[in-house]
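Q: Okay, here's the structure, questions in a sec.
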């Protein structure tokens, strides 16, 4: 028995010792840190990686709503951007491994924007007030980004909008017209005529205005599927390899559960009411708008709309010719070059 | 629907009838003479989902009631024991990759366990009283412009659980059984609702029971 207890005691001690010894690497040239931001009853993880020797931090707002920060830590962001600057992968409220305790009223765009500002305060508190912050939003992150900047843009030196949905309210009608346009083009050049003809039938069968959230979900799903078709036709580059280890950093059930819950709370209001188009002029920090030419999820029309309406005196629109909704994966080198160039010019 | 019920009800009744007819003898084991340690078993198990969360679970079980049922089926006699046990657990779990899902949990409830003649066991463990305390890495609380590092950051959740498992009894051993459970735990309130989680538990039960000479364990 004594031998048995000794064996298990040894096992327990070694497990605890391993846990305690898991300290973060605070070397600024190669940060590898996970910290949580506690704000308004939520605890949200920020995974900070890369070179912070210049105290430049690129905060990435993930898609979704309900996505997860580390989904972007692969390909070019890890391999190129992290070499130059620190990247902050943030799990938003109700997303990824964020936890907390709040009512359904405790999660909305306003509070989530305040969470991002809270994150910026934490970074400045931890790494110094001279930290230089850049904000990047992809897809839904392109909704949350403007919402944050319209509350307070002073913490940030630049805004990078990557296929961002600053006008969620306008998405439904833009989906329909974009599907019709792309389908006509593809049929015209003889690509996958059967599929694109079905797409035209599908959108023709929908109401012309947003009424039913399920129609919106169907359009969104079809948009991802359409991009796969464009990829098969060679119009969009095949997405490069991503960080496979990310699957071990998130419990899948937690991830799926969070995304379903968060979307069920947020989506209806987003699709019906949320647009920042008329207020983009209030964003005056330098801005870079990056868009995949063949984005079916947040169509290209929104790229010009974002660029035209941003109030920044220094702004640039870059269209990625061989990309869909995720240019960071389909044209990774160009993506990294453009982001690093933008930060270099504005840091 | 009506037709389905008409077919289903006689089927269930005939099964129950058949089952009851097969029971030849049922008797309750007298536990009054057993000491606390004789009625108590301890357990230690790996608890986790292998790829994501990993941890250990320690527990104890106290035998409340035991019934021995002897059945005659297809000419052979089968002896099964059915036990009701009070159950308590204390465990911890973590995901080593990011430390974003580390926690300590404890839960209490009741276990029903069936053991057949060969020592194969099936059990259902229901723990309505449960608590999960998460432990977060470095955490900063933001209130307005004020940023403050949190001491011992984490959150407490009501965490009831249910486990369904199989096991094998080991005769005449201090380590009396090994078992495998699939555990479902709910953490609530979690974000704007509740969080379900599934874990495996693989471990051993043991006791501090003094063995009597010529003791026979079924």
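Q: So if each residue of separation counts as 0.36 nm, and I subtract the Cα-Cα distance between residue A:345 and residue A:150, what length gain in nm does that give?
A: Once the chain is fully extended between residue A:345 and residue A:150, it gains 67.9 nm.
Q: Here's something else I'd like to know. Compute the helix-to-body angle for A:193-204: its Cα long axis versus the longest principal axis of chain A, expressed 0 to 90° and rounded to tens.
A: 90 degrees
Q: Once you place label points 7 Å from the Cα toward the Cβ at residue A:333 and residue B:72, how far apart are they in nm?
A: 8.4 nm
Q: Assuming 0.36 nm per residue, please report the length gained on full extension of the stretch residue B:26 to residue B:64 beyond their Cα-Cα distance.
A: Result for the pair: 12.0 nm of gain on full extension.
Q: Using only helices, what value at 222 nm comes out for the protein assembly as shown when you add -39,500 (n - 2.57) per DSSP H run of length 4 or more and divide by the total residues, to the nearest 500 deg cm²/dmol?
A: Using -39500 (n - 2.57) per qualifying helix, the result is -10000 deg cm²/dmol.
Q: Quick one: go through the stretch B:164-184 and flag any residue whose amide nitrogen is under 16 Å from the point 7 Å out along the Cα-to-Cβ line of residue B:34.
A: B:169-177
Q: Further question on the same structure: How far apart, in nanometres, would the label points at residue A:198 and residue B:173 be if each is projected 7 angstrom from Cα along the Cα-to-Cβ direction?
A: 5.6 nm
Q: What FRET efficiency do you get for residue A:273 and residue A:83 if R0 is 35 Å and r is their Cβ-Cβ distance, rounded to the nearest 0.05?
A: 0.30
Q: Between residue B:202 and residue B:188, 0.36 nm times their residue separation minus their Cα-Cα distance comes to what?
A: That pair, residue B:202 and residue B:188, stretches by 2.5 nm at full extension.
Q: Could you work out, residue by residue across A:31-40, how many beta carbons of other chains sit within 10 Å of that residue's beta carbon, and then give the average as an integer?
A: Counting other chains' Cβ atoms within 10 Å and averaging over A:31-40 gives 5.
Q: I would also like to ask the following. Given Cα positions, please report Rg to Rh for the stretch A:105-232, the hydrodynamic radius being the Kirkwood one.
A: My calculation of the ratio gives 1.13.
Q: Just rank A:152, A:207, A:215, fewest to most, by other beta-carbon atoms within 10 angstrom.
A: Ordered by Cβ neighbours within 10 Å, fewest first: A:207, A:152, A:215.
Q: Okay, next question. If we sort A:172-185, A:320-333, B:138-151 on the protection proxy, mean other Cβ atoms within 10 Å, highest first, what's the order?
A: Most protected by this proxy first, the peptides run A:320-333, A:172-185, B:138-151.
Q: 7 Å from Cα along Cα→Cβ at both residue B:96 and residue A:304: what's the point-to-point distance in nm?
A: Between residue B:96 and residue A:304, the label points sit 5.4 nm apart.
Q: Efficiency by 1/(1 + (r/R0)^6): what FRET value for residue A:208 and residue A:256, r their Cβ-Cβ distance, R0 = 25 Å, to the nearest 0.05?
A: 0.15
Q: Can you list, largest first and rounded to whole Å, the semi-axes you get for the stretch A:171-232 by taking the square root of 5 times each eigenvalue of its Cα gyration tensor?
A: 20, 12, 9
Q: In peptide B:155-164, what is the residue-averaged number of other protein chain Cβ atoms found within 10 Å of each Cβ?
A: Rounded to a whole number, the mean comes out at 1.
Q: Stick to the Cα atoms of the protein assembly as shown, pair each with every other, and give me the Kirkwood hydrodynamic radius in Å at one decimal.
A: 27.1 Å
Q: What is the Cα centroid distance between the stretch A:29-104 and the stretch A:278-320, reported in whole angstrom?
A: 23 Å
Q: Would you mind giving the mean number of other chain beta-carbons within 10 Å of the Cβ of each residue in B:143-150, as a whole number?
A: Per-residue shielding by partner chains comes out at 4.
FYI, it's all coordinate maths here, none of it is from the lab. Here the structure is a predicted model, which means the values were calculated and not measured. Here the Cβ is made from the backbone with ideal geometry for all residues, glycine too, and neighbour counts use every protein chain on show.
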